[in-house]
Amino acid sequence: MVLKILLDRWLNSTRVGYIRSHSTMITMCLSSIITVIIINSFREFYQSASVILTKIENPRTQCDFDNSVLYKRYLLGFMNNYVPTFYEAFFKGSFARLPHQMTFLRKDLCQPSSCTVALCIQLGFLLTIRTFMGNICTAIYPPLKNILRSLKEQCCRKVCQKNPAIKQTLPQWEEEYYLEPLDTYSVTEEFSEMVIRFGYITFFSKAFPLAALCALLNNLIELRSDAYKFVKSHRRVVPVEKSGIGAWNGILRSLSYISTAINAFVIAFTSDWVETEVYRQTRGNGSLKGFVNSTLSKYATSDNRAYHSVNNREEFCYFRGNYYPPENPTKYGITQLYWMNLMFKFVAVFLFEHVMLLCNTLFTYCLSYKPESVQLQLDLIRHKEKEMRLTECERKLEERVKSDTKLSKNLRGLK
């Protein structure tokens, strides 16, 4: 927020006309890049913090330990990734009511229309630049560490100093030993990144409809970058058999319900859709003529100390909000229009949320958990396994009968 305010002040004071006229858009883009850098910086912190906190907790079994690390890592990642976006969507510009109440941090305001444009730009940078930076780090950072580790090993071994060609004759498993080791919870981190990206798509799909397309392109790139990481630049992981994705099922199910409420609040509070419809039906006679003027409130410049030293200033100005004018007995008090819009916003949230939850329940009921082709294939595999077990039991039974027959003959011969 501080960097954004200082940057906006500097751009507005520059002498370059193009920069000054597009200062708002430049500020939003650069602040989104700064947000991406800060999120990636804190990512390294909470990855190690989740393991340390779980060791202090000391769960009873290894499964409980892994699930605890999973929940902590995702919760910290949730806060790290979504707090800037939630601030942009719901809290930006809501801390300052009147112009004379402005402080330094309260100058971080939305566009005159709404915060939807800033939210859209931030989501676009989070879904593109952040993934691009991650892929670059995956492609460059591990190979550099592998080269440094290999040089260090060569310096430590006198044999390698005398004959550097020995390194090439090592078996494959020894060569892979010099690669970058994978973290124990590297797969958990990959899952966490995908689920966080899923949250960006579902939480703010109204503000940035192209989020699903950006995520699809990111996933296509991630397929190749992860393949390179698991095969070329890192050591091979130890395979562990799992029956499913485990605790991620509950997290994804919770996100599907939370996203419904968040989209409802984005539609009602971040955008002007409810206010425009209320104005159209109540005072606009079916049109939006005069809507912008209805969102502005009158303000006396004499009430702001910053204007006392200004010569030839205007007596009144206007700002966005629903407040009574200075000549009203309840000076700068909240008008009834504000409360009426607030009531209709909550009604819109309630209706949208319940309609979407009903549709979600219907789709869940209508769509089977497993496709029919997959279920048939699983049944076929189970049937073949039963046949193999029966065949094996029959073979063992025949062998046992033969051995018993042979034993009885030997006993008769001895008698």
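Annotations for the structure displayed:
- Number of the exception - Ala207 against (1) in contact (Cβ under 8 Å) with a residue 24 or more places away in the chain; (2) within 30 Å of Gln336 (Cα to Cα); (3) open to solvent by 30 Å² or more (accessible area, probe 1.4 Å): (3)
- Test for Leu358: is it open to solvent by 100 Å² or more (accessible area, probe 1.4 Å) and farther than 22 Å from Phe91 by Cα: yes
- Residue tally, condition among the polar types (S, T, N, Q) and touching a Gly at 6+ places or on another chain (Cβ under 8 Å), over the stretch 1-58: 2
- If the condition is being at positive phi and open to solvent by 40 Å² or more (accessible area, probe 1.4 Å), then the stretch 290-338 contributes only Asn312.
- Residue among Ser150, Ser192 that alone is polar (S, T, N, Q), modelled with pLDDT under 80 and either open to solvent by less than 70 Å² (accessible area, probe 1.4 Å) or in a helix (DSSP H, G or I) (or both): Ser150
- Contact annotation: residue pairs with Cβ atoms under 8 Å, 6 or more positions apart or on different chains, pairing a residue in the stretch 273-290 that is in contact (Cβ under 8 Å) with a residue 40 or more places away in the chain with a partner that is in a loop (DSSP other than H, G, I, E, B) and surrounded by 11 or more Cβ atoms within 10 Å (Cβ to Cβ), are Glu275/Thr295.
- All of (1) out of contact with any Ser or Thr (no Cβ under 6 Å at 6 or more places or on another chain); (2) open to solvent by less than 100 Å² (accessible area, probe 1.4 Å); (3) at pLDDT below 90 hold for Glu353 with one exception: (1).
- Filtered residues of the stretch 269-295 (kept if of a type in the set (A, V, I, L, M) and at pLDDT 85 or above): Val274, Val278
Rundown of residues vs (1) over 30 Å from Asp183 (Cβ atoms); (2) touching a helix residue (DSSP H, G or I) at 6+ places or on another chain (Cβ under 9 Å); (3) surrounded by fewer than 14 Cβ atoms within 10 Å (Cβ to Cβ), yes/no style:
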position	(1), (2), (3)
His22	yes, yes, yes
Ser41	no, no, yes
Tyr46	no, yes, no
Ile52	no, no, yes
Ile56	no, no, yes
Cys63	no, no, yes
Val83	no, no, yes
Cys110	yes, yes, no
Val117	yes, yes, no
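The values are calculated or read from the model by the stated rules, or taken from the named source; none is laboratory data. Computed from a predicted model, the values in this text were never measured in an experiment. We place every Cβ from the backbone using ideal geometry, glycine too, and count neighbours over all the protein chains shown. The accessibility values were calculated without ligands, DNA or RNA, using every heavy atom of the protein model including side chains. Shrake-Rupley method; radii C 1.70, N 1.55, O 1.52, S 1.80 Å.
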